[in-house]
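Written out below as structure tokens is the structure these notes cover.
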Amino acid sequence: MKYDFSAIEKKWQAKWDEAKAFKASNGDTDRPKFFGLVEFPYPSGNGLHVGHARPYTALDVVSRKRRMQGYNVLFPMGWDAFGLPTENFAIQNKIHPIEVTKKNVAFFKSQLKMLGYSLDWDREINTTDPNYYKWTQWIFLKLFEKGLAYKKQMAVNWCTSCKCVLANEEVVNGVCERCGSEVVRREKSQWMLKITEYAERLINDLDEVDFIERVKVQQKNWIGRSTGAEVDFKTSNGETLTVYTTRPDTLFGATYMVISPEHPYIDKWADMISNMADIKAYAEASARKSDFERTELAKDKTGVKIEGVTAINPVNGKEIPIFISDYVLMSYGTGAIMAVPAHDTRDWEFAKKFNLPIIEVVAGGNVQEEAFTDTEVGKMVNSEFLNGLEVSEAKAKITEWLDSKGLGHPKVNYKLRDWVFSRQRYWGEPIPLVYCETCGWVPVPESELPVLLPDVDSYEPTDNGESPLAKMEDWVNTTCPHCGAPAKRETDTMPQWAGSSWYFLRYTDPNCDTALASKEALDFWTPVDWYNGGMEHTTLHLLYSRFWHKFLYDIGVVPTKEPYAKRTSHGMILGEGGEKMSKSRGNVVNPNDIVNQYGADTMRLYIMFIGDFEKAAPWSSQSVKGCKRFLDRVWNIAEAAGEGDTYTPANESAIHKTIKKVSEDIENVKFNTAIAAMMALVNTYAENGANKADIKVLLKMLSPFAPHMCEELWETLGGEGFISLAQWPEYDEAKTVDSSVEIAVQICGKVRERINVPVDAEDSVVVDLACKTEKVAQALGSGKLVKSIVVRNKLVNLIIK
């Protein structure tokens, strides 16, 4: 019978659907639970690409194996469907975003089914469903109640193309990470989420989860915990400028200060500053730059000295100048820094440009020629009572001294900023608050959730920075839930990250209408046992969702501190030439094309065989064909299998070794070597012949990778039920160890023979067996064995003279 992959795949997909073969069961305590999760996709019009298929196939392989091992497996799917791409498509094509989303979801879903993923479709969710975003709004209201959501007038990142505010994490190298357009600074009133309240826990609790190390490192670096001191510098007009520094030991080398162009003291000191026009002009120019442009290390150092106000160095009483410069941001630290040009390259370049003193305080280097920055260790100089101390001793001593004098105190600081949560676009969750002139911001009553998105005539973003919703007066104008007076709804919407910050919880109980999920379901399924996703989401979605989960834990909604017990990440699939896939390069691989030509099982097998799962790998059309040839070979060997209910003796050891190898490799995301082991087993079958028992165990191991073909052959061989639900094979450890091993026989250091000897055989047995070989016997006929050297299980060297 021919391997007709197209007919076979459609047949088994229909059978799985009809039987609900992959349905998870809430509350089934007779089996261990396994909650496997992949990042739910944004359903774009382009459909699924191979970048989706790699992680999805990997977790499907794991989930299928766990199901066969007797686990109650929850492997769900949904749609992260709010956001700018849908809105932009709707604007360009004059179609409502709801219709765009429906069409895209249907196409995406057909592709996922085409690839045979063992998903529980009864738990499908969609972030744009009002029954879903009701609970996204509910979580926001809880954050608001606890003071973790607040509105603030601030300088924001403004995308000139998307015409909306971006979070810091969405600005990459000075441009919008979504569209690549220029990002500039604007002043706007924004809703913020106080993620900084959780900074310490977000770092510390990484010790309690099984995340790959690079994910942990990236999150820790983004949060950016540092220890140092806050130091107060008095000014000549009686004010205090407070700075945060990780190097209070270098205070004697502070020869000037720099404050942000947005610092509130500038307006406060306006009457005392003689060059206010220059200061204002510089501040206006700075406001047009993004944070990235302002803090880029390679840029020219610019600034303006404040004429009329100076600062006093608290450790030596010396008067030092104050500058404004755009590289100091009001959003980080206190908006003011002390500059130690001898030991900081940027400060050194600034000092040289403005002819400022450079005082060495950590010995080493020539600070007049360049900054000496290798100062983690070293001896203090030019620092009065710190002279001669090691850096670590000086840090402790100066911090204690500042504290005792009331001039400063120890401080832990974080690079992490609060999360900018407002978006001035239409296609997002409405923020469920109204503004009353009497009561201020008032939450919409929970009984009135969800606050639905109204239909609008135009989704075009406004040039004045307001959401398209602002034009919907009938929707905007409402009454205050608190006092009944006229009020206005918030017209900003939530960012796309909102719905994805808790979606995994909804999978546990997707139809619950009294809570985001029932307590019983959350207690049963959480935390997620294994979450795989891209490294690009480590400082966005992964951080945000951990923050939301910790908040929900604090208010008693979820039973665990962390949402995910384990996190792995996959490498990118590149084009044939090793370049990133893109439409412009014409090297994008469409999964539909591969499935039509070779079948879904070939596609799945190849995407797992392509290389180390955690590393980038180039696509190879030739290797796809190789995977198809392997499946053809399995099909042919299965059809030729002889009768037999037990393993063929000649194959038994190889079978047990392969079961062990494949079982371990799947759990260790070494999918490529698991497949290689099965390919080797097929070679063994070709040499020794194979019966039905041999084939059935191969099919069980192969079924997570190529489920459709394995189901068909399982049925042909008389297997009961779905192979997808059959018992995963077990191995006998004793049978994974060879009873004999091939070793080299050397005569005077040169290999003459290869022989099989018992594993761990005594030296005398090995020598005796070697002496019986033809070439050794010939050598002994004309010589004498004077010495033997045995390297156990490797070689024997016979010295014959």
| field | Over region 45-99 - Rg/Rh using Cα atoms and the Kirkwood inverse-distance radius | value | 1.19
| message | Explain nothing, just the number: dipole magnitude of the chain about its Cα centre with +1 on each Lys and Arg Cβ and -1 on each Asp and Glu Cβ, in debye rounded to the nearest 20. | response | 1640
| field | When each of Lys289/Lys411; Lys750/Lys794; Lys102/Lys615 is checked by Cα-Cα distance, pairs over 25 Å | value | Lys289/Lys411; Lys102/Lys615
| field | Relative contact order (%) - criterion: Cα under 8 Å, at least six apart; region: region 241-332 | value | 42
| task | Please list the radius of gyration and Dmax for region 370-436, considering alpha-carbon atoms only, with Å as the unit. | result | 23.1, 63
| message | Taking only complete DSSP H runs, can you tell me which helices of the chain stretch 24 Å or more along their own long axis by Cα positions and average at least 0.5 on the Kyte-Doolittle scale? | response | 671-688
| Extreme residue, positive dipole direction of the chain, given options Gln190, Trp530, His708 (C-beta unit charges) | His708
| query | By the gyration tensor of its Cα atoms, with a ≥ b ≥ c the square roots of the eigenvalues, what is the shape of region 138-215: rounded for a/c under 1.5, prolate for a/b over b/c, or oblate? | reply | oblate
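Hey, could you grab the Kirkwood Rh for region 179-267? Inverse mean 1/r over distinct alpha carbon pairs, Å, one decimal.
Final number for the Kirkwood radius of region 179-267 is 17.5 Å.
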| Over the chain, what is the percentage of antiparallel beta bridges among all DSSP beta bridges, to the nearest 5? | 75
| request: Return the calculated 222 nm mean residue ellipticity for the chain, to the nearest 500 deg cm²/dmol, obtained by summing -39500 (n - 2.57) across DSSP H runs with n ≥ 4 and dividing by the residue count. | output: -10500 deg cm²/dmol
| message | How far apart, in nanometres, would the label points at Val786 and Lys580 be if each is projected 7 angstrom from Cα along the Cα-to-Cβ direction? | response | 6.8
| field | Within the accessible area of the chain (1.4 Å probe), percent carbon and sulfur | value | 49
| field | Cα gyration tensor shape of region 1-143, rounded if a/c is under 1.5, else prolate or oblate by comparing a/b with b/c | value | oblate
| message | Suppose we look only past 23 Å in the calculated P(r) of region 663-801. What percent of the Cα-Cα pairs does that tail hold? | response | 54
| note | With the charge dipole of region 209-273 built from beta-carbon charges (+1 for Lys and Arg, -1 for Asp and Glu) about the Cα centre, the Cα from Val209, Val243, Gln219 projecting farthest to the positive end belongs to Val209
| query | Using a 1.4 Å probe, what is the accessible area per residue for the chain, in Å²? | reply | 43
| query | So what is log10(I(q)/I(0)) for region 261-313 at q = 0.16, 0.19, 0.26 1/Å, when the Debye sum runs over its Cα atoms only? | reply | -0.54, -0.73, -1.08
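What does the charge dipole of region 396-552 about its Cα centre add up to, to the nearest 20 debye, if the Cβ of each Lys and Arg holds +1 and the Cβ of each Asp and Glu holds -1?
With only Lys, Arg, Asp and Glu charged at Cβ, the dipole is about 940 debye.
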| Going down the list Lys33/Lys696; Lys15/Lys550; Lys220/Lys352; Lys15/Lys94; Lys280/Lys352; Lys318/Lys397, which pairs span over 30 Å between their C-alpha atoms? | Lys15/Lys550; Lys220/Lys352; Lys15/Lys94
| message | Rounded to the nearest 20 debye, what is the charge dipole size of region 278-424 about its Cα centre when +1 sits on each Lys and Arg Cβ and -1 on each Asp and Glu Cβ? | response | 500
| task | For the chain, divide the Cα radius of gyration by the Kirkwood radius and give the resulting Rg/Rh value with two decimals. | result | 1.07
| Each label point is 7 Å from the Cα along the Cα-to-Cβ direction; what then is the distance between the points at Lys615 and Val172, in nm? | 2.2
| For region 475-596, how big is Rg over Rh, using alpha carbon atoms and the Kirkwood form of Rh? | 1.13
| message | With every atom except the alpha carbons ignored, what do you get for Rg and Dmax of region 705-745, in angstroms? | response | 17.0, 52
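Rounded to the nearest 0.05, what FRET efficiency do Arg186 and Ala676 have when you use their Cβ-Cβ distance and R0 = 60 Å? Each step should come with its number before you reach the end.
Numbers: r = 55 Å, r/R0 = 0.92.
About 0.65, to the nearest 0.05.
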| task | Could you grab the relative contact order for region 304-368? Cα pairs under 8 Å, six or more apart, rounded to a whole percent. | result | 19
| said: What aspartates and glutamates does Lys103 reach when the alpha-carbon gap must be under 17 Å and sequence neighbours fewer than 8 apart in one chain are set aside? | reply: Asp80, Glu87, Glu124, Asp129
| request: Give, as a single signed number, the net charge of other residues whose beta carbon lies under 10 Å from the beta carbon of Leu389, with Lys and Arg counted +1 and Asp and Glu -1. | output: 0
| message | What distance in nm separates the two pseudo spin-label positions at Lys102 and Leu452, each 7 Å out from Cα along the beta-carbon direction? | response | 1.4
| Can you list residues whose amide H is under 5 Å from Asn126's amide H, if they're 5+ apart or on another chain and H is modeled 1.01 Å from N? | Trp79
| note | Taking a ≥ b ≥ c as the square roots of the Cα gyration tensor eigenvalues, with a/c under 1.5 meaning rounded and otherwise prolate when a/b beats b/c or oblate if not, region 399-439 comes out oblate
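Which FRET efficiency value, to the nearest 0.05, is calculated for Glu473 and Trp121 with the Förster distance at 45 angstrom and r the Cβ-Cβ distance?
Calculated transfer efficiency: 0.60.
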| request: Quick one: compute the contact order of region 400-540, relative version, from alpha carbon pairs under 8 angstrom and 6+ residues apart, as a percent. | output: 23
| request: List the residues whose amide H sits under 5 Å from the amide H of Gly644, counting only those 5 or more places along or on another chain, with H placed 1.01 Å from N in the peptide plane. | output: Lys692, Ala693
| request: Could you tell me which of Val258, Asn355, Met572 has its Cα farthest along the dipole of the chain towards the positive end, charges placed at Cβ (Lys, Arg +1; Asp, Glu -1), taken about the Cα centre? | output: Met572
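The values are calculated or read from the model by the stated rules, or taken from the named source; none is laboratory data. What you see is a predicted model, and the numbers here were worked out from it, not measured in a lab. All Cβ positions, even for glycine, are placed from backbone atoms using ideal geometry, and neighbour counts span all protein chains on display. To get the accessible areas, we keep the full protein, side chains included, count just its heavy atoms, and leave off ligands, DNA and RNA. Shrake-Rupley method; radii C 1.70, N 1.55, O 1.52, S 1.80 Å.
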